[in-house]
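Enquirer: So that we are looking at the same thing, I have put the structure below in structure tokens.
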Amino acid sequence: MNECRILSPLGMLGYGFPPESLARGLARGPHLIGADAGSTDGGPHKLGAGVGIVSRAASRKDLGLLLRGGLDTGAPVVIGSAGGSGARAHLAWTREILEDLIREDGRRVRVAYVHAELDKEHLKAELGAGRVHPLRNVPPLTDKAIDSATAIVGQMGAEPIIRALAAGAQVVVAGRAYDPACFAAYAIWKGFPAGLSWHLGKILECGALCAVPGSAGDSMWGVLRHDGFTLEPLNPARACTETSVAAHTLYEKSHPYLLPGPGGMLDLSRTTFRQVSDRVVEVKGSEFVASRPYTVKLEGAELVAYRAVLMCGVRDPALIAVLPAAEAAVVARTRDYFDRIPPSEYQILFHHYGLDAVMGGSEPRQDAVPHEVGLIMEVVAPTQELADTICAFARATLMHHHYEGRKATAGNLALPFAPSDVPLGPVYRFNVYHVLEVEDPCALFPLELVEY
């Protein structure tokens, strides 16, 4: 096999893409159609709550187009991090959608489901054997943390997906997976260099985001050879440039050319980017350095509280000038009123959009005075009822709080919605963010083959 042609329809399943872009890719005869479906970018809530990142309707629409495209061309379809976080609930959600689509299509399909949620007792045994290690700035794992997590997943590499492809799967639905794995696995399986395969997968998993103009809602075409690969957007309105592809290579990385992943490190220190046409870029020199022992990243989330928020606007320059002091007074008044509730039981937090909401204390424009501020008050408490109660009282207190220079007796806040207070439900945090040493990269990820 001299070249491996890979079609990436979009940056995340459910983001949508122009059908014309997909059609152009299918007409070129892809060897593989891949789509990443998950991320931890949005925090631990989706994993903890067992819910998807995108809507069911959007996921169904995109998956239906990919399924039909794969069956029409004979190219296997590989979905990574099914349902968003890749736990048991997310895999089941995706499976239900896929089975409905297969019934509609009517053709026979062999599907591989690769599970990624871990057994807690097994993980405790591995912890006791000294094979679990924290990532940077993460405390050591404990049995208590394992028990309190609602779900714990392992981030699979290429090997479990290769096993599914080797078993003849036409569709692979993988639980939590390293983002590039749904693209790199097929190429590695077919004997292409691991460094080039992983680098191409790293770029393709975001769809056309590496193009100009970039978009995660459009399709990308990658052609891998044994000495390099080329990238081309499938929408003629977009183009790849040396700068756009090199810049995207730096996307979501803590180091300019070292990218750790399952089983090793992608080393881009010798990578080159060359413009071969006005829309196509060639990449060479990417290398993969295997690590021993092989490690798998673990992700777990636990329920810690419930949240309610108030969204409003402040336009009085006198209030804006003393906003932190006014907020401190509101917090003090609230704590005084609910004197039987320990202050450690809840938090009242303020976010100032238009002032410092994005960077907080690191905001460099400290002397900038906006004419209006979008204010979000966030209350986090052990129960939803308490969060709602505190939020309502603090909102009313802030609404009528007196401050120097105030000319009216009410109306400190402009409230765009009724009801003004919004209960947001459970709050989760990552409490498992570690790596596990394994001897067999497939052992944690059971394979289930189903003939439809």
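Enquirer: If you check I146, I203, I152, which single one turns out to be farther than 20 Å from G84 by Cα and crowded, with 19+ Cβ neighbours inside 10 Å?
Expert: Details: I203 fails: farther than 20 Å from G84 by Cα; I152 fails: farther than 20 Å from G84 by Cα.
Selected residue: I146, the only one of I146, I203, I152 that is farther than 20 Å from G84 by Cα and crowded, with 19+ Cβ neighbours inside 10 Å.
Enquirer: Here is a further query. If you go through segment 378-407 one residue at a time, how many are without any contact (Cβ under 8 Å) to a residue 24 or more places away in the chain and either hydrophobic (A, V, I, L, M, F, W, C) or in contact with a Leu (Cβ under 8 Å, 6 or more places away or on another chain) (or both)?
Expert: 2
Enquirer: For segment 136-145, check the following and say yes or no: at least one residue is over 19 Å from P293 (Cβ atoms), free of Cβ contacts under 8 Å to residues at least 24 places away in the same chain and polar (S, T, N, Q).
Expert: yes
Enquirer: Name the residues in segment 415-452 that are more than 24 Å from the chain's Cα centre (by Cα) and either in a loop (DSSP other than H, G, I, E, B) or within 18 Å of A290 (Cβ to Cβ) (or both), would you?
Expert: Our first condition is that a residue be more than 24 Å from the chain's Cα centre (by Cα); within segment 415-452, this holds for 415-422, 438-440, 443, 448-452.
Scanning segment 415-452 gives L415, P416, F417, A418, P419, S420, V438, E439, D440, A443, Y452.
Enquirer: If you don't mind, another one. Look at segment 254-272 and say how many of its residues are of a type outside the set (A, V, I, L, M), under 12 Å from P180 (Cβ atoms) and in contact with a strand residue (DSSP E or B) (Cβ under 7 Å, 6 or more places away or on another chain).
Expert: Residues in segment 254-272 being of a type outside the set (A, V, I, L, M), under 12 Å from P180 (Cβ atoms) and in contact with a strand residue (DSSP E or B) (Cβ under 7 Å, 6 or more places away or on another chain): 1 in total.
Enquirer: Working only within segment 318-369, note down all residues that are hydrophobic (A, V, I, L, M, F, W, C), under 27 Å from the mean Cα position of the chain (by Cα) and closer than 18 Å to R307 by Cβ. First the steps, then the outcome.
Expert: Initial filter on segment 318-369 (hydrophobic (A, V, I, L, M, F, W, C)): 318-323, 325-326, 328-332, 338, 341, 348-350, 355, 357-359, 368-369.
Checking which are under 27 Å from the mean Cα position of the chain (by Cα) leaves us with 349-350, 357-359.
Those that are hydrophobic (A, V, I, L, M, F, W, C), under 27 Å from the mean Cα position of the chain (by Cα) and closer than 18 Å to R307 by Cβ: L349, F350, A357.
Enquirer: Against the conditions (1) part of a loop (DSSP other than H, G, I, E, B); (2) over 30 Å from D119 (Cα atoms), where does R292 fall short? Just the number, please.
Expert: Condition (2) is where R292 drops out.
Enquirer: Right, something else. Please go through segment 102-125 and pick out each residue that is in contact with a Gly (Cβ under 7 Å, 6 or more places away or on another chain), crowded, with 20+ Cβ neighbours inside 10 Å and either outside the structural domain of K144 (by TED's automatic domain parsing) or farther than 16 Å from A181 by Cα (or both). Break it down into steps so the answer makes sense when it comes.
Expert: Of the residues in segment 102-125, the ones in contact with a Gly (Cβ under 7 Å, 6 or more places away or on another chain) are 110, 114-118.
Then keep just the ones that are crowded, with 20+ Cβ neighbours inside 10 Å; that gives 114-118.
Hits for segment 102-125 are E117, L118.
Enquirer: Go through the residues of segment 55-68 one by one and say whether even a single one is crowded, with 23+ Cβ neighbours inside 10 Å, over 22 Å from A208 (Cβ atoms) and touching a strand residue (DSSP E or B) at 6+ places or on another chain (Cβ under 9 Å).
Expert: No, the conditions are met nowhere in segment 55-68.
Enquirer: Still on this model: List pairs: first in segment 338-361 and without any contact (Cβ under 8 Å) to a residue 24 or more places away in the chain and in a loop (DSSP other than H, G, I, E, B), second surrounded by 12 or more Cβ atoms within 10 Å (Cβ to Cβ) and of a type outside the set (G, A, S), Cβ under 7 Å, 6+ apart or cross-chain?
Expert: G354/P370; G354/E372; G354/V373; D356/E363; A357/H351
Enquirer: Which of (1) closer than 21 Å to P9 by Cβ; (2) in contact with a Phe, Trp or Tyr (Cβ under 8 Å, 6 or more places away or on another chain) does A116 not meet, given it meets every other one?
Expert: Evaluating A116 over (1) closer than 21 Å to P9 by Cβ; (2) in contact with a Phe, Trp or Tyr (Cβ under 8 Å, 6 or more places away or on another chain) leaves (1) as the failure.
So that you can scan it fast, the table gives a plain yes or no per residue for (1) within 20 Å of G217 (Cβ to Cβ); (2) of a type in the set (F, W, Y); (3) over 17 Å from the mean Cα position of the chain (by Cα); (4) crowded, with 24+ Cβ neighbours inside 10 Å:
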site: M1; (1), (2), (3), (4): no, no, yes, no
site: P9; (1), (2), (3), (4): yes, no, yes, yes
site: L13; (1), (2), (3), (4): yes, no, no, yes
site: L22; (1), (2), (3), (4): yes, no, yes, no
site: H31; (1), (2), (3), (4): no, no, yes, no
site: S39; (1), (2), (3), (4): yes, no, no, no
site: G48; (1), (2), (3), (4): no, no, no, yes
site: V51; (1), (2), (3), (4): no, no, no, no
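Enquirer: Quick one: A167 ticks every box in (1) over 16 Å from V114 (Cβ atoms); (2) out of contact with any helix residue (DSSP H, G or I) (no Cβ under 8 Å at 6 or more places or on another chain); (3) surrounded by fewer than 24 Cβ atoms within 10 Å (Cβ to Cβ) except a single one, so which number is it?
Expert: Result: A167 passes all but (1).
Enquirer: Taking segment 346-365 as the region of interest, how many residues are exposed (fewer than 15 other Cβ atoms within 10 Å of the Cβ) and either out of contact with any Asp or Glu (no Cβ under 8 Å at 6 or more places or on another chain) or farther than 25 Å from E385 by Cα (or both)?
Expert: Of the residues in segment 346-365, the ones exposed (fewer than 15 other Cβ atoms within 10 Å of the Cβ) are 349, 358-365.
Right, trim to either out of contact with any Asp or Glu (no Cβ under 8 Å at 6 or more places or on another chain) or farther than 25 Å from E385 by Cα (or both) and you get 358-365.
So the count comes out to 8.
Enquirer: If you take the residues of segment 206-241 that are under 14 Å from V281 (Cβ atoms) and among the small types (G, A, S), which of them is surrounded by the most Cβ atoms within 10 Å (Cβ to Cβ)?
Expert: The selected residue is A208.
Matching residues to (1) surrounded by fewer than 19 Cβ atoms within 10 Å (Cβ to Cβ); (2) in contact with an Asp or Glu (Cβ under 7 Å, 6 or more places away or on another chain); (3) of a type in the set (D, E, K, R):
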{"position": "E282", "(1), (2), (3)": "no, no, yes"}
{"position": "G285", "(1), (2), (3)": "yes, no, no"}
{"position": "R292", "(1), (2), (3)": "yes, no, yes"}
{"position": "G300", "(1), (2), (3)": "no, no, no"}
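Enquirer: Residues being more than 19 Å from L32 (Cβ to Cβ), touching a residue at least 40 places away in the same chain (Cβ under 8 Å) and either of a type in the set (S, T, N, Q) or in contact with a His (Cβ under 7 Å, 6 or more places away or on another chain) (or both): count how many of those fall in segment 221-254.
Expert: Number of matching residues: 3.
Enquirer: Is it fair to say S286 is modelled with pLDDT of 95 or more and in the same structural domain as K46 (by TED's automatic domain parsing)? Explain how you work it out, then say what you get.
Expert: Working: modelled with pLDDT of 95 or more: yes; in the same structural domain as K46 (by TED's automatic domain parsing): yes.
Answer is yes for this residue.
Enquirer: Would you be able to tell me the number of residues in segment 207-254 that are outside any loop (DSSP other than H, G, I, E, B) and either of a type outside the set (A, V, I, L, M) or over 21 Å from G69 (Cα atoms) (or both)?
Expert: 19
The values are calculated or read from the model by the stated rules, or taken from the named source; none is laboratory data. It should be emphasised that the depicted structure is a prediction, and the values quoted were computed from it without experimental measurement. No Cβ is skipped: glycine too gets one built from the backbone with ideal geometry, and neighbour counts run over all protein chains shown.
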